Amino acid sequence: AVELFQESPTAFLQELRKGKFIRVNSSGRDVLSTIAVLQLPVESTASTAGVTLLPSATVEALLVDKRKLELVQPFKLALLKLASQEAARLMAAGEYELALPVALDAVQQGQLLFKPAPALQLFPLYLLASQANLGLRRAKQCEDFLALASWLAMKEPTLTTNIMKSQLSRLYGQLYAFQGRQPEALSAFAEDVYYCSLEYGPEDPRTSLGFYNLGKVFQSKGDIERAGACNDMVVQIWTSVLCRVVLGVTQTPEGLVPESSAPAGLPVGRLQLMEVVDMLLDIGRGRMHISGPDPSVADAHFVTGLALIQLEEPERAADQLEAAESIYAAHQPDLQRTRLLDMAKVMLGALQG
């Protein structure tokens, strides 16, 4: 009230109580907890404590009523960003049933905000909706939203970035893989790798998911050699980056070279790194199934252990490093592998305290 409308809280609340604007009073535990964290005042009556909540439509009406028209568009953009983030968060947690209506609401908000002509700003919203539908195995709806995103990209080719093209290709690949359309899936995932490589480089962690997806499709076709080559690339990428970030060394043909300065952080967040752990575990299981407990399986255990150290999960990291050590011991590992494993065990000990 004070910062936005230059009114005292008392006068603002009196105006709301006149009934001109819709408001909701809530005494929900989650709401009160959030209010406490934000250190905002709570309204109390003789029997309950609660807080007055204003729906977004009410806030927009207040901005118009009080001639704050210049704030209407930023407010709508903030709502759109919030809905997009919530949909992405729910999907990262696997809650696709909850994510779909949020994603569809974001699409509707965006279409109203950027009308009359469809704008490229709708591209990520269409991808969110397609991903939510695919998570619920709704292939037709997923394909419809991907078609809308593709049309926007073709309409604005100079504004469509490599990252956007990569995201679109990846979702098409996932859709085709779900539908059993293996040639189309391979083509789409190859495009994902291509565009990621253009943006980040072929050995960047953000490119590794494309290689992993290619490997899964080759595996489903029974092409074990090509699947193994793709998985080797994934393990190589993550071993290189995690040795730098976790152990502070770079692997070279001549040996291990200490980083001259503090290594840069990972270009992925915690949730994405957790997905990487699942990806590496899957590769390790696949290698074990094909070739038994050979050094390549130990390599997968080792890099998974490094990822878990980065995630500060010492018990799971210890299990992976122990599995790597037992396999290496049976195959007389080279000196570099032995040194890396010893360094990882030191880092694990420091994490365990």
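Each reported figure results from applying straightforward, stated rules to the coordinates on display, with no laboratory input. Owing to the predicted nature of the structure, the values given are computational and were not obtained by experimental measurement. As a convention, Cβ positions derive from the backbone with ideal geometry for all residues, glycine included, and neighbour counts pool all protein chains shown.
Annotations for the structure displayed:
- Inter-probe distance in nm under a simple model that places probes 7 Å from Cα toward Cβ, at ALA139 and ARG270: 3.7 nm
- Shape category assigned to region 133-233 from the gyration tensor of Cα positions, a/c cut at 1.5: oblate
- In the structure shown, the pairs LYS165/LYS345; LYS68/LYS165; LYS81/LYS221; LYS81/LYS165; LYS81/LYS140; LYS76/LYS216 are assessed against 31 Å; a Cα-Cα span above that value is assigned to LYS165/LYS345; LYS68/LYS165; LYS81/LYS221; LYS76/LYS216.
- Just so you know, the averaged projected area of the alpha carbon convex hull for region 233-322 sits at 6.2 nm².
- Magnitude of the charge dipole for region 172-278, about its Cα centre and with charges confined to Cβ atoms of Lys, Arg (+1) and Asp, Glu (-1), is about 220 debye.
- Within-13-Å neighbourhood charge of TYR126 [Cβ basis; K, R +1; D, E -1]: -1
- One Cα centroid belongs to region 92-108, the other to region 253-288; the line between them spans 30 Å.
- Taken over the Cα atoms of region 187-232, the convex hull encloses 54 Å³ per residue.
- Global form of region 275-353, assessed from the alpha-carbon gyration tensor, a/c cut-off 1.5: oblate
- Net charge in the neighbourhood of LYS165 (other residues with Cβ under 13 Å of its Cβ; Lys, Arg +1, Asp, Glu -1) is -3.
- Three-way shape label, region 95-149, alpha-carbon gyration tensor, a/c 1.5: oblate
- Here the gap between PHE178 and GLU225, fully extended at 0.36 nm per residue and compared with their Cα-Cα distance, gives a gain of 14.7 nm.
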